Amino acid sequence: MRKNILGNIDNHKGEGLVAFIDILGFSEEILSNWNDPKNDPLKKILNLKKNIPVQSDKNAPKVKLDKSFERIYKCRIQTISDSIVVSFGFNNNNLVYGDLVLGTITFFETIAVIWRNSLESGYTIRGAVDWGEIYWDSKEIIGPAFITAYKLESTQAKSSRVIISSSFNRELANIAKQYKTFWNDFILDCVYKDIDGYLILNPHKLYDPDRKNDKNKIIEILHDLQNKAKNLNKEKYNPILAAMESPKINITNSDFGKY
């Protein structure tokens with residue numbers, strides 16, 4: 001069977017999704033504990049990077065167009081010190097119905113797994129995602145979408161959350177209007193409206209609702225991290241804990257495109 005891999009393109013210049021993710025508190029731990037063998041931050045971050053999700057062709061989302069051809073959706077993931085960049089490239093020449101939807105779902109779910117693995121390694125994250133022009137090859141990633149995601153993470157994310165840029169917000173509104181499939185509900189399930197009006201990656205994606213006490217496990221980890229945080233850093237955990245300890249409320253298509 002012929003396979004066409006979307007998202008994780010070897011060399012890409014065009015439209016795509018980019019997330020810039022920062023591991024909260026890791027920089028401070030490097031400065032404080034670099035030579036502490038009992039609490040080695042280098043060992044922790046390298047272990048976390050080993051557990052970053054790598055999708056195989058077998059478990060990646062896919063669509064069979066016919067008996068001889070299928071499309072596979074995979075994200076590109078790279079790490080820079082205590083930061084992680086997740087990207088998904090769209091080749092406009094070969095897009096078919098549903099590629100934007102499935103690519104977006106794959107992108108969100110990859111970030112959610114990275115977030116979950118970070119929590120289980122003793123850290124949480126904050127980040128931002130953008131839709132726009134982007135270039136990458138085997139070594140570099142350059143472009144407006146990367147810069148926008150980086151700036152949003154550093155200036156607007158503030159607490160433990162992954163915010164959606166205005167450009168990506170508008171694209172989600174377009175997807176909701178143009179592509180009417182059962183997959184649209186999966187996108188809605190991935191997004192949460194925060195108290196300040198930003199759309200963010202839904203914190204409820206961090207646990208498996210079918211696993212008993214899995215939600216409580218994540219809440220306990222977050223409380224533990226908050227208790228260990230110093231001074232005003234404790235406040236960075238309040239929004240996500242408020243969201244996690246509240247009932248899961250999905251947004252609707254009308255919530256897209258408001259900023």
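In the range 228-243, the residue that is most open to solvent (accessible area, probe 1.4 Å) out of those that are closer than 19 Å to residue 203 by Cα and aliphatic (A, V, I, L, M) is 242. From the list 139, 158, 180, 215, the one residue that fits, being in contact (Cβ under 8 Å) with a residue 40 or more places away in the chain and not aromatic (Phe, Trp, Tyr), is 158. Among the residues of the range 74-100, the one identified as in a strand (DSSP E or B), open to solvent by less than 20 Å² (accessible area, probe 1.4 Å) and over 19 Å from residue 144 (Cβ atoms) is 84.
Among the listed residues 195, 175, identify the single one that is touching a residue at least 24 places away in the same chain (Cβ under 8 Å) and exposed (fewer than 12 other Cβ atoms within 10 Å of the Cβ). Every option except 195 fails the conditions. For the range 161-172, a tally of residues being of a type in the set (A, V, I, L, M, F, W, C) and either in contact (Cβ under 8 Å) with a residue 60 or more places away in the chain or surrounded by fewer than 21 Cβ atoms within 10 Å (Cβ to Cβ) (or both) returns 3.
At pLDDT 95 or above and either under 22 Å from residue 219 (Cβ atoms) or in contact with a strand residue (DSSP E or B) (Cβ under 9 Å, 6 or more places away or on another chain) (or both), is that true of residue 116? When the stated conditions are applied, residue 116 does not pass them. When the range 244-259 is filtered for residues that are in contact (Cβ under 8 Å) with a residue 40 or more places away in the chain and over 22 Å from residue 124 (Cβ atoms), the ones remaining, listed by number, are 250, 251, 252, 253, 255, 256, 257, 258, 259. Residues in the range 137-155 that are within 16 Å of residue 11 (Cα to Cα), surrounded by 14 or more Cβ atoms within 10 Å (Cβ to Cβ) and among the β-branched types (Val, Ile, Thr): 141 alone.
Can you name the residue in the range 200-259 that is under 24 Å from residue 155 (Cα atoms) and in a loop (DSSP other than H, G, I, E, B) and, of all such residues, is modelled with the lowest pLDDT? Only one residue fits best here, namely 230.
The values are calculated or read from the model by the stated rules, or taken from the named source; none is laboratory data. Everything numeric here is computed off the predicted structure, so don't read it as measured data. So basically every Cβ, Gly included, is an ideal-geometry build from the backbone, and we count neighbours across all protein chains shown. Side chains are part of the model used for accessible areas, which takes the heavy atoms of the whole protein and leaves out ligands, DNA and RNA. Shrake-Rupley method; radii C 1.70, N 1.55, O 1.52, S 1.80 Å.
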